[in-house]
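One structure is given here, and the rest of the page talks about it.
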């Protein structure tokens with residue numbers, strides 16, 4: 001099993017991402033990085049909090065990083081979008 | 001001047017919060033904590049990123065904390081809402 005996995009949070013129901021994270025951690029992955037950008041950032045925080053508070057209290061929040069990515073819009077304009085990465089680590 | 005200030009991000013235009021943060025930092029406050037909950041979390045990340053990338057490159061992101069608050073809805077139901085706190089520190 002890989003030592004680290006990434007769950008990229010988008011616009012699907014939030015429990016999909018919670019389940020993906022729990023599956024990784026239960027299968028032996030020690031660290032899951034929950035990533036999101038734009039409006040999905042608040043949902044990534046929800047995923048991390050639900051995993052910890054409701055399902056796996058032995059999981060700790062590690063480093064949290066924020067950043068900015070440049071995306072090109074359909075009109076060719078470059079737009080900046082914020083990003084987040086939340087590490088969830090098995091204690 | 002206080003050594004630490006809090007900017008609470010809600011649903012006003014994002015530049016209001018950027019300006020509030022810049023004002024604090026320019027007036028001598030060393031640390032501004034940008035806080036938000038729920039859907040405003042992604043906007044708090046935007047505020048931190050815009051302050052750093054566009055206006056004050058000498059400001060660093062310090063500790064980032066996430067958490068959960070219990071709110072009571074109008075129907076008396078308790079709902080969980082995620083929170084974020086992003087420290088911006090003058091280098």
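The numbers here are math on the coordinates, done by the rules we state, and not lab data. This one's a predicted model, so the numbers in the text were calculated from it and none came from an experiment. Cβ sites come from the backbone with ideal geometry, for glycine too, and all protein chains shown count toward neighbours.
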Value of [θ]222 nm, deg cm²/dmol, for the protein assembly as shown, DSSP H segments ≥ 4, -39500 (n - 2.57) each, nearest 500: -8000 deg cm²/dmol
FRET efficiency estimate (nearest 0.05) - Cβ-Cβ, residue A:8 to residue A:53, R0 22 angstrom: 0.55
Convex hull projection area averaged over all views, chain A, Cα basis, nm²: 6.1 nm²
Antiparallel bridges, percent of DSSP beta bridges restricted to the stretch A:4-90 (to nearest 5): 80 percent
Kirkwood-Stokes translational diffusion coefficient of the stretch A:51-91, alpha-carbon pairs, 37 °C, 0.692 mPa s, µm²/s: 263 µm²/s
The stretch B:8-37-the stretch A:54-91 distance, computed between alpha-carbon centres (Å): 21 Å
Gain in span if fully extended, residue B:16 to residue B:91, counting 0.36 nm per residue against the direct Cα distance: 24.7 nm
Ascending list, in nanometres, of distances separating the residue B:73 label from those of the other copies (7 Å, Cα toward Cβ): 3.5
Distance between modelled label sites at residue A:26 and residue B:78, nm, 7 Å Cα→Cβ extension: 2.6 nm
Tilt relative to chain B, helix B:41-50 - C-alpha long axis, 0 to 90 degrees, to 10: 10 degrees
Copies compared at residue B:26 - label distances in nm, ascending, label defined 7 Å from Cα in the Cβ direction: 5.4
Least to most buried among B:71, A:25 (fewest other Cβ within 10 Å first): B:71, A:25
Compactness index (Cα Rg / 2.2 N^0.38 Å), the protein assembly as shown: 1.08
